[in-house]
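Undergrad: Please see the structure below; I have some questions.
Every number in this text was worked out from the coordinates using simple rules, so none of it is lab data. The model shown is predicted, which means the values in this text are computed figures rather than measured ones. Virtual Cβ from ideal backbone geometry, glycine too; neighbours counted across all protein chains shown.
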């Protein structure tokens, strides 16, 4: 039999090796930084650049992980053209994406900025940059992933 038939047969009999995936936590919600209310939970959006949402995810490579942070427009659910990829999950990762987003879109004051409770977003350096841009901060509640579902599905 040829290689295609052998692959098909081993797949049908469940003889192919299964890669075990390791859980990698990307959110540290037990931090000492400020907690803000969820501002977009009951907000009706009727246009772009009224609210942005951000999240961090990991990209599995052969021998390691890379972390990807993306900033999306909550209304259109499209990336605002700003994402950043890094080998370490730290404030530099999230701050770089924020700087790119602010430079590219130049949002008007009052833009709601929503994210989960990760320490990378809640740190004083990140919050100071958002306050400088006059963007009210909105944070999802602990244990409720659906409050940041638009960013999670990206």
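Undergrad: Compute the distance from the alpha-carbon center of segment 47-85 to that of segment 91-135, in whole Å.
TA: 13
Undergrad: Quickly rank 55-63, 86-94, 119-127, 68-76 as a protection proxy: mean count of other C-beta atoms within 10 Å, highest first. Mind dumping the intermediate values first?
TA: On the way: 55-63: 12.9, 86-94: 16.2, 119-127: 18.6, 68-76: 20.4.
Averaged packing, sorted descending, gives the order 68-76, 119-127, 86-94, 55-63.
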